[in-house]
Amino acid sequence: MTVTPSAKINKPVLKVGSKGAEVKELQQLLLDSGMFVFIGSSGACVFPGKEVIDGVFGAKTETAVKRFQAKMFLTQDGVVGNKTWRSLFLNAPVDMPILKKGSTGNLVKLMEERLAIGGYDVGTVDGSFGSRTEAAIRQLQTNTGLPVDGIVGDRTWFEISKINTIFC
C-alpha cells in the first residue's frame, strides 16, 4: 500500500476486543516496528515473534499500540484510527506542526523530553523552545544529515521519532 502523510486510509478503527484480518495486519506492523517488547521474568527485554499475530486485539496489542502512539507523538489512547494507521504505514509521525524558537506548549515539552533521552542538551525541559532547544535540534540535524536550520519540520520529526524510548 502506498501512503502519503496526508492520505485518508480506508481501514477500520481498531481497539481492545476487535478481531480479524485487520488486527493481524496491525499486529504485523507493530511487530515490524519493534513495539511488541515485554520484560521477561529475568528482567530482560523479550522480543516475541509471530506468536503475537493472532488477530485478537487484547492487552498486549493495546500496550504495543500505546507505545507506538507515544513514539509518534500521538494521543496514547490505544485506539487505532486514521492517524495511527497512517503513522504505522509510514513508520513516521504525521500531521505534525512546524516548531521553531519561540514555540511553546506540551508538544514542545514532549519533543524536549525525547531529545534529552537521546542525549541532546535541551537545558530545562519546560515546553519552551529556546536557544538550547534550538541548538539541540541543530545538533540532531547535523548528526542525521539533514539541512541544519534549527526548525522542526517533517524530516526532523521523523528523526526525533527514531530516538529509542523503550528501556527494559
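The values are calculated or read from the model by the stated rules, or taken from the named source; none is laboratory data. Computed from a prediction, not measured in an experiment: that's the story for all the values here. Note that we place each Cβ from the backbone using ideal geometry, even for glycine, and neighbour counts take in every protein chain shown.
Within the range 39-59, can one find any residue that is polar (S, T, N, Q) and in contact (Cβ under 8 Å) with a residue 24 or more places away in the chain?
No, that holds for no residue.
Given the criterion out of contact with any Asp or Glu (no Cβ under 7 Å at 6 or more places or on another chain) and crowded, with 18+ Cβ neighbours inside 10 Å, identify the matching residue among Ile117, Ile137, Ile163. Working first, answer last.
Working: Ile117 fails: crowded, with 18+ Cβ neighbours inside 10 Å; Ile163 fails: crowded, with 18+ Cβ neighbours inside 10 Å.
Answer to the check: Ile137.
Take Thr142 and tell me if it is on the phi < 0 side of the Ramachandran plot, assigned to a loop (DSSP other than H, G, I, E, B) and loosely packed, with under 12 Cβ neighbours inside 10 Å. I'd like the intermediate steps shown before the answer.
Values: on the phi < 0 side of the Ramachandran plot: yes; assigned to a loop (DSSP other than H, G, I, E, B): no; loosely packed, with under 12 Cβ neighbours inside 10 Å: yes.
It is false that Thr142 is on the phi < 0 side of the Ramachandran plot, assigned to a loop (DSSP other than H, G, I, E, B) and loosely packed, with under 12 Cβ neighbours inside 10 Å.
Quick one: which residue in Lys50, Lys19, Lys24, Lys60 is of a type in the set (D, E, K, R) and within 29 Å of Asn106 (Cα to Cα)? Explain how you work it out, then say what you get.
On the way: Lys50 fails: within 29 Å of Asn106 (Cα to Cα); Lys19 fails: within 29 Å of Asn106 (Cα to Cα); Lys24 fails: within 29 Å of Asn106 (Cα to Cα).
Within the list Lys50, Lys19, Lys24, Lys60, the selection yields Lys60.
Quick one: in the range 69-112, which of the residues that are assigned to a helix (DSSP H, G or I) and of a type in the set (Val, Ile, Thr) is surrounded by the most Cβ atoms within 10 Å (Cβ to Cβ)? Explain how you work it out, then say what you get.
Restricting attention to the range 69-112, the residues satisfying the condition of being assigned to a helix (DSSP H, G or I) are 69-71, 82-90, 106-112.
Now restrict to residues that are of a type in the set (Val, Ile, Thr): 84, 108.
Values: Thr84: 25, Val108: 22.
Looking at residues that are assigned to a helix (DSSP H, G or I) and of a type in the set (Val, Ile, Thr), I get Thr84.
Scan the range 145-160 for residues that are surrounded by 16 or more Cβ atoms within 10 Å (Cβ to Cβ) and either modelled with pLDDT under 95 or not in a loop (DSSP other than H, G, I, E, B) (or both) and jot them down.
Val152, Thr156, Trp157, Phe158, Glu159, Ile160 - these are the residues of the range 145-160 that are surrounded by 16 or more Cβ atoms within 10 Å (Cβ to Cβ) and either modelled with pLDDT under 95 or not in a loop (DSSP other than H, G, I, E, B) (or both).
For every residue, the table says whether it meets (1) modelled with pLDDT of 95 or more; (2) within 18 Å of the chain's Cα centre (by Cα); (3) of a type in the set (A, V, I, L, M, F, W, C).
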site: Ser18; (1), (2), (3): yes, no, no
site: Met35; (1), (2), (3): no, yes, yes
site: Gly49; (1), (2), (3): no, no, no
site: Gly55; (1), (2), (3): yes, no, no
site: Thr63; (1), (2), (3): no, yes, no
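Among what's in the range 25-46 and is more than 15 Å from Arg86 (Cα to Cα) and aliphatic (A, V, I, L, M), pick the residue that is surrounded by the most Cβ atoms within 10 Å (Cβ to Cβ).
Among those residues, the one meeting the criterion is Met35.
Would you mind stating whether Lys60 is outside any loop (DSSP other than H, G, I, E, B), in contact with a helix residue (DSSP H, G or I) (Cβ under 7 Å, 6 or more places away or on another chain), on the phi < 0 side of the Ramachandran plot and of a type in the set (D, E, K, R)? So that I can check it myself, show each step before the final result.
On the way: outside any loop (DSSP other than H, G, I, E, B): yes; in contact with a helix residue (DSSP H, G or I) (Cβ under 7 Å, 6 or more places away or on another chain): yes; on the phi < 0 side of the Ramachandran plot: yes; of a type in the set (D, E, K, R): yes.
Considered against the rule, which asks whether it is outside any loop (DSSP other than H, G, I, E, B), in contact with a helix residue (DSSP H, G or I) (Cβ under 7 Å, 6 or more places away or on another chain), on the phi < 0 side of the Ramachandran plot and of a type in the set (D, E, K, R), Lys60 comes out as yes.
Quick one: in the range 118-133, which of the residues that are small (Gly, Ala, Ser), touching a residue at least 24 places away in the same chain (Cβ under 8 Å) and not in a helix (DSSP H, G or I) is nearest to Lys101 (Cα to Cα)?
Within the range 118-133, the first condition is being small (Gly, Ala, Ser), and the residues that meet it are 118-119, 123, 127-128, 130-131.
Okay, now just the ones that are also touching a residue at least 24 places away in the same chain (Cβ under 8 Å), so 118, 128, 130-131.
Those left that are additionally not in a helix (DSSP H, G or I): 118, 128, 130.
Numbers: Gly118: 20, Ser128: 8, Gly130: 5 Å.
Among those that are small (Gly, Ala, Ser), touching a residue at least 24 places away in the same chain (Cβ under 8 Å) and not in a helix (DSSP H, G or I), it is Gly130.
Could you list, ordered by first residue, the pairs with Cβ atoms under 6 Å in which the first is in the range 134-163 and closer than 15 Å to Val122 by Cβ and the second is of a type in the set (Lys, Arg) and surrounded by 18 or more Cβ atoms within 10 Å (Cβ to Cβ), at least 6 apart or interchain?
Matching pairs, first to second residue: Ile160/Arg114; Ile163/Arg114.
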